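Notes follow once the structure below has been shown.
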Amino acid sequence: MGSSTTEIEKMADNQLIKLQSLLLYLNDYSSFYQKMFRDNNIDINSITSLRDLENIPFTCKDDLAKYNDDFLCVDKKQVADFVTTSGTLSDPVTFYLTAKDIDRLAENEAQALKCAGGSSDDIYQLMTTIDKRFMAGLAYQAGILKMGAGIVRTGPGAPFLQWESIQRFSPTVLIAIPSFIPKLIDYAIENGINYKNTSIKSIVCIGEPIRNEDFESNELGKRILSLWDVKLLSTYASTEMGAAFTECTAGKGGHLNPDLLILEVVDEKGNAVKNGELGEVVVSTLGVEGMPLLRYKTGDLCHVDYDQCGCGRNTTRLGPVIGRKQQMIKFKGTTIFPPAIFDVLDMIPEIDLYQVEISKNEFGNDHITVVLPNHLDSKAFHKKVKALYKSKLRVTPDLRYIDQEDLNKQVFKQEKRKPEKLVYV
Ligand SMILES: [Zn+2]
């Protein structure tokens, strides 16, 4: 107990030093924050504790979109890599990375993968895109190099290449979008590949949750684990944070890296939520050179846990992303988030491809349609899906069936980095 208290105090002291240098840096180089400090009469020298952060206004997604280049703190000649956010709901925002920022990403990912049980002995098969202006692929590559492990860059899709690489190079960990894994297993079954007996020990799951808020596997997680004896580890990150919250092997939420981020989890009014409660994730990025952010509201809603983890670490943990604030759906008087809609579909073994369409009706209410391949179109199936929604979410979306190939093209678009399971029409 005594030693952990000292450790927590040390972490906080270290964060405060880094916060103060962030404030000085923004005051010197960020036109956005210079203006914000001026407009709000903020004297950065008055920030003498982490709690004093509360005196500074939040930065939100709109600010980034509207004043994108005002956040840039270096000359454009110093930019080493140009990345963009995925922009599901809006135009993508540019993030400018300097060489030092790429090194910070590498440090973050090396730490994160170690937290997930990895070591220099591991070989990672990277099943995410490394181009398309995507930060994560770059971060994984740099991080794996930094930790002294090996990497096989297969990229997304291409199940033949994935299995051939697994057999040829014996990777130990897959880094993948979890909804692709059932497809990968289907391919193995159809082609007589002995997928149950491979070198793969674990899968680092990016982009989608694999657990419910109680940390039990969600339907997608259960589906994968029922087919394959591997360990699933969740990681949550975003371009804006330039850092990841990655699970340790205890699987009780993603750990904060206190050297790279100051985390706040806040309620609707912007006040910090209590231990265990749900709130919006707010980050201040530490050690970023190109586009550092102060009190940035991510829109992501997570439960926060300040207790010591079973693994012995004292760093704050975040539970799975319950939803994005901007993706909150008001449906017939109920509030739901897309992951809950996906979870019901993942419960149905016949479904391995779907897209959820959100539209507004003439009264401004959200309307949900689930698009499915037409070979599933039968009265009995229709009834089964509707009944399951009714019991799980108390709402029943519309169902529409289209050609499997067309649906496949709609979900797995060439120019996109992730499958488009959700669209706004
Ligand atoms: Zn832990």
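Some points to look at:
- Global geometry of segment 1-140, whether rounded, prolate or oblate, following the gyration tensor of its Cα atoms and the 1.5 cut on a/c: oblate
- A simple spin-label model places the labels of Phe58 and Lys231 3.5 nm from each other, with each point 7 Å out along Cα-to-Cβ.
- Greater than 22 Å apart at Cα, pairs in Lys10/Lys146; Lys201/Lys409; Lys183/Lys231; Lys66/Lys297: Lys10/Lys146; Lys201/Lys409
- Extension gain (nm, one decimal) between Lys269 and Met328, 0.36 nm per residue minus Cα-Cα: 19.5 nm
- Partner lysines whose Cα lies under 17 Å from the Cα of Lys132, excluding those fewer than 8 positions away in the same chain, are identified as Lys413, Lys416, Lys418.
- Our coupling estimate for segment 337-350, obtained by passing each phi through the Karplus curve with A = 6.51, B = -1.76, C = 1.60 and θ = phi - 60°, is 10, x, x, 5, 5, 5, 4, 5, 5, 5, 6, 9, x, 5 Hz, Gly and Pro reported as x.
- Summed side-chain charge close to Ser49 - residues other than Ser49 whose Cβ falls under 14 Å, Lys, Arg +1, Asp, Glu -1: -3
- Alpha-carbon centroids, segment 401-425 and segment 1-69: separation in whole Å: 40
- Degrees between helix 379-393 axis and first principal axis of the chain (Cα, 0 to 90, nearest 10): 30
- Electrostatic dipole magnitude of the chain [Cβ: Lys, Arg +1; Asp, Glu -1; Cα centre; debye, to 20]: 800
- Helix axis angle, 181-190 relative to the chain longest principal axis, alpha carbon, degrees: 30
- The GNM of the chain, with springs linking C-alpha atoms under 10 angstrom apart, assigns the highest mean-square fluctuation among Asp101, Asp352, Asp366 to Asp366.
- Of the chymotrypsin sites (Phe, Trp or Tyr not before Pro) found in segment 321-425, those that fall in a DSSP loop while having at most 16 other beta-carbon atoms within 10 Å are Phe363, Phe412.
- Computed from the Cβ-Cβ distance with R0 of 25 Å, the FRET efficiency linking Leu161 to Ile402 stands at 0.35.
- Distant-in-sequence amide H partners of Leu422 (H built 1.01 Å from N, under 5 Å): Val356
- A DSSP coil position with no more than 16 other Cβ atoms inside 10 Å describes the following GluC sites (Glu not before Pro) in segment 201-294: Glu213, Glu216, Glu268, Glu277.
- Calculated [θ] (222 nm, deg cm²/dmol) that DSSP helices of n ≥ 4 give over the chain, each run adding -39,500 (n - 2.57): -10000 deg cm²/dmol
- Most simply put, the chain has about 60% antiparallel DSSP beta bridges, counting only bridges with both residues inside it.
- Angle in degrees between helix 159-169 and the longest Cα principal axis of the chain, rounded to the nearest 10: 70
A short reminder: the numbers here are calculations on the coordinates, not readings from a lab. Computed from a prediction, not measured in an experiment: that's the story for all the values here. Backbone-built Cβ (ideal geometry, glycine too); neighbour counts: all protein chains shown.
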